[in-house]
Amino acid sequence: MSQMKRIKWTGLCALMTAITLLLPLEGGIASASVTADKQSEVKSNRQVAIVIDDFGNNQTGTPEMMDLPVHITVAVMPFLPTTKQDAELAHKLGHDVIVHMPMEPVRGKPEWLGPGAITTAMSDVEIRKRVEEAIQAVPHAVGMNNHMGSKVTADERVMRVVLSVVKQHGMFFLDSRTTYKTVLPKLTAELGVPLLSNQVFLDDVYTANHVSKQVGIMRRYLESHDSCITIGHVGPPGKITAAVLKASIPGMKSNTTFVTLSQMIVPSAEKDIIPHS
């Protein structure tokens, strides 16, 4: 081999070696592609669970919420005139049913709680009795969340009793997140109760503009998270919230799957909470 050919051959070998060293290890390109595909799949299959509170008292917006074009989670208060009726209808329509358990707040009028409420002054025996009775009062319930409850959900003794009953019935608990002092992440992890947590309140202000703004916050939340739980209400904002949701859902269906809470069970862990405004 001539000197010139040896130089060219040596240069070619060096070039091939450099290219080889720059290539990823076996499977690297495929792995990167799969990762990108999975990330794309997660982004295009984000989950939203719509929870509507305060059923059970023939509240304004009840028919409109029941007729939303997706399955929702219906939180029914116990011991009220339409408790059983609302729970039965929701179940028949394919919605999840959960017990909307009245619990003592730090502030608020006692009459806002409704019958059968849990308070921090009660004994363990009385708390257990009330939770059992509430579960029995709401047909088809698969979980529970707190109605008000900023004081109770920050109390380890009371919530330990509540959650022990929830666990015995094979149910999950949705923390409505009415206080940042919630003890639910700690206790559900300790007791082995599935926990879900609210991220966005839709209608703490009763106007269409505010509910639309909160739907926008939910959509922005989904840009960096693969799921979101949002809570609205029947009652004073019922028809407004139902109308905004009905108008918003079609535009989200291309990249969002609407699910019930039982389809969104996650390990006990605290999720971020989006402020009301």
Quiz item: With respect to H140, is the statement that it is touching an Asp or Glu at 6+ places or on another chain (Cβ under 9 Å), within 19 Å of V193 (Cα to Cα) and either at pLDDT 95 or above or charged (D, E, K, R) (or both) true?
Solution: yes
Quiz item: Do you know which residues across the range 90-111 are over 24 Å from the mean Cα position of the chain (by Cα) and either closer than 18 Å to H71 by Cβ or loosely packed, with under 13 Cβ neighbours inside 10 Å (or both)?
Solution: R107, K109, P110, E111
Quiz item: Any residue in the range 264-277 that is small (G, A, S), surrounded by 18 or more Cβ atoms within 10 Å (Cβ to Cβ), modelled with pLDDT of 95 or more and more than 17 Å from Q47 (Cα to Cα)?
Solution: no
Quiz item: When you look at K246, is it over 19 Å from Q59 (Cβ atoms), part of a helix (DSSP H, G or I) and in contact (Cβ under 8 Å) with a residue 12 or more places away in the chain, yes or no?
Solution: no
Quiz prompt | Residue that is farthest from I72 (Cα to Cα) [pool: residues in the range 215-239 that are without any contact (Cβ under 8 Å) to a residue 40 or more places away in the chain and in a helix (DSSP H, G or I)] | solution = R220
Quiz item: Mind checking whether some residue in the range 46-66 is at pLDDT 95 or above, in a loop (DSSP other than H, G, I, E, B) and under 26 Å from E223 (Cα atoms)?
Solution: no
Exercise. Output the residues belonging to the range 157-176 that are assigned to a helix (DSSP H, G or I) and either free of Cβ contacts under 8 Å to residues at least 24 places away in the same chain or surrounded by 18 or more Cβ atoms within 10 Å (Cβ to Cβ) (or both).
Key: V158, M159, V161, V162, L163, V165, V166, Q168
Self-check item: D67 surrounded by fewer than 14 Cβ atoms within 10 Å (Cβ to Cβ) and among the acidic types (D, E)
Solution: yes
Quiz prompt | Checklist (1) buried (at least 16 other Cβ atoms within 10 Å of the Cβ); (2) among the hydrophobic types (A, V, I, L, M, F, W, C); (3) farther than 30 Å from Y221 by Cα applied to V125, failing item | solution = (1)
Self-check item: Any chance V215 is over 22 Å from N146 (Cβ atoms) and surrounded by 19 or more Cβ atoms within 10 Å (Cβ to Cβ)
Solution: yes
Self-check item: Scan of the range 82-114 for residues that are within 14 Å of S150 (Cα to Cα), part of a loop (DSSP other than H, G, I, E, B) and at pLDDT 95 or above, ordered by number
Solution: E104, P105
Practice problem: May I ask you to list the residues in the range 116-132 that are assigned to a loop (DSSP other than H, G, I, E, B) and not β-branched (V, I, T)? | Solution: G116, A117, A121, M122, S123
Practice problem: State the number of residues belonging to the range 177-210 that are closer than 21 Å to G235 by Cβ, among the β-branched types (V, I, T) and surrounded by 21 or more Cβ atoms within 10 Å (Cβ to Cβ). | Solution: 2
Exercise. Examine the range 133-150 for a residue that is surrounded by 16 or more Cβ atoms within 10 Å (Cβ to Cβ) and over 23 Å from H95 (Cα atoms), and state whether such a residue exists.
Key: yes
Self-check item: Residue selected from the range 70-81 under the condition under 21 Å from the mean Cα position of the chain (by Cα) and in a loop (DSSP other than H, G, I, E, B), by the criterion surrounded by the fewest Cβ atoms within 10 Å (Cβ to Cβ)
Solution: H71
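The values are calculated or read from the model by the stated rules, or taken from the named source; none is laboratory data. All values reported here derive from a predicted model rather than from experimental measurement. Cβ sites come from the backbone with ideal geometry, for glycine too, and all protein chains shown count toward neighbours.
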